[in-house]
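Each reported figure results from applying straightforward, stated rules to the coordinates on display, with no laboratory input. None of the values given here were measured: they were computed from a predicted structure. Here the Cβ positions follow ideal geometry from the backbone for every residue, glycine too, while neighbour counts run over all protein chains shown.
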């Protein structure tokens, strides 16, 4: 069975002529380049957000922008724009590409260009660098995802807080490589206590006897889609718990799924060679997909926050 990824999308020829946002300008793909001295390229010194366009509306945009600015503040990075300016850059890029739906944006901010190739942030004297990659992107995941448990864990808050959406993703990349070596699509990562935590790219949920479980959230990305799934469960009266649980409980789950901005809710069919349920998308996952779509539609009708 061939490997797939949780960010697998249909090929779209329009992406060959796509326009990107880079430091206040809309430029062709070939011109969307940064210096080899850029802090993001050199050290992974930056933060980012992923955004999803549904029917002309960027889902939960305010919350993504809030998270971006919180992360920038945490690493003492001045984005050089107000939140409304960042939104305008997103809308400008969207309009330049004529995008209406099924688009994905990667908004990236680094500390900028360094004067010398060393670590100290004071050497980043030209910046920040602000880039938006926006692509026509429709998820195309042909089967449920296969996971493999790996020895890699997300960082502790005192090392690299897993809630920080930073450009420094090497530990997650190593986890993904380990999963691929094991013949899986993505890595299932445990927390520092050995409880099931997250995958290398998405948040993780299981379904047991009508209940939806996810990790405590202490050691995983504070996913916006994760939070929305918890919200729709509570709204619909579905028992949902943020708790510690083990691989033993995971292997015997009725269903498992991943959450993320790109794929929303992606079913998991196998973990460490063990089928989860019947190996296909389960009824709870399918129901939550529907509830999430309804929430996105409601969000599109609500006014954005004014700053």
Notebook entry, point to check: Once you put a point 7 Å from the Cα of residue 4 and another 7 Å from the Cα of residue 73, both along the Cβ direction, what distance in nm separates them?
Noted result: 4.0
Check: Counting pairs of alpha carbon atoms under 8 Å apart in space and at least six apart in sequence, what relative contact order in percent does the stretch 145-298 give?
Finding: 23
Note to self: How high is the relative contact order of the stretch 15-136? Use alpha-carbon pairs under 8 Å, at least six apart in sequence, and give a whole percent.
What the structure shows: 36
Notebook entry, point to check: Highest mean first, what order results for 152-165, 102-115 on Cβ atoms within 10 Å?
Noted result: 102-115, 152-165
Note to self: Using Cβ counts within 10 Å as a stand-in for footprinting exposure, how do 53, 188 rank, fewest first?
What the structure shows: 53, 188
Next item on the list: Would you order 68, 147 from fewest to most other beta-carbon atoms within 10 Å of each residue's own beta-carbon?
Entry: 68, 147
Notebook entry, point to check: So what's the angle, to the nearest 10 degrees on a 0 to 90 scale, between helix 61-74 and the longest Cα principal axis of the chain?
Noted result: 70
Check: Can you give me the Cα centroid spacing of the stretch 174-216 and the stretch 1-78 in angstrom?
Finding: 24
Check: Given the Cα-Cα distance of residue 294 and residue 31 and 0.36 nm per residue of separation, how much length would full extension add, in nm?
Finding: 90.8 nm
Notebook entry, point to check: Relative contact order for the chain: what is it in percent, counting Cα pairs under 8 Å that are at least 6 residues apart?
Noted result: 19
Checklist line | Sequence of 166, 252, 302, 35 once ranked by neighbouring C-beta atoms within 10 Å, starting from the fewest | finding: 302, 252, 35, 166
Next item on the list: Could you tell me which of rounded, prolate or oblate describes the stretch 15-136, using a ≥ b ≥ c as the square roots of the eigenvalues of the alpha-carbon gyration tensor, with rounded for a/c under 1.5 and, failing that, prolate when a/b is larger than b/c and oblate otherwise?
Entry: oblate
Check: To the nearest 10 degrees, how steeply does helix 283-301 sit against the main Cα axis of the chain, on a 0 to 90 scale?
Finding: 30
Item checked: Largest-first principal axis extents, alpha carbons of the stretch 198-248, Å -> 29, 27, 15
Next item on the list: Please work out the FRET efficiency for the pair residue 249 and residue 278, using the Cβ-Cβ distance as r and a Förster radius of 25 Å; give the result to the nearest 0.05.
Entry: 0.85
Next item on the list: Just order 254-264, 213-223 by mean Cβ neighbour count inside 10 Å, highest at the front, would you?
Entry: 254-264, 213-223
Check: Based on the Kirkwood radius over alpha-carbon pairs, what is the Stokes-Einstein translational diffusion coefficient of the stretch 193-287 at 4 °C with 1.567 mPa s viscosity, in µm²/s?
Finding: 99
Next item on the list: For n ≥ 4 DSSP H runs only, could you compute -39500 (n - 2.57) per run for the chain, divide by its residues and tell me the 222 nm figure to the nearest 500?
Entry: -8500 deg cm²/dmol
Check: Any idea what angle helix 170-181 forms with the longest principal axis of the chain, computed on alpha-carbon atoms, 0 to 90 degrees, nearest 10?
Finding: 50
Check: Quick one: Cα convex hull volume of the stretch 64-116, Å³ per residue?
Finding: 106
Notebook entry, point to check: Shape call for the stretch 103-193 from the C-alpha gyration tensor, a ≥ b ≥ c root eigenvalues: rounded (a/c under 1.5), prolate (a/b greater than b/c) or oblate?
Noted result: oblate
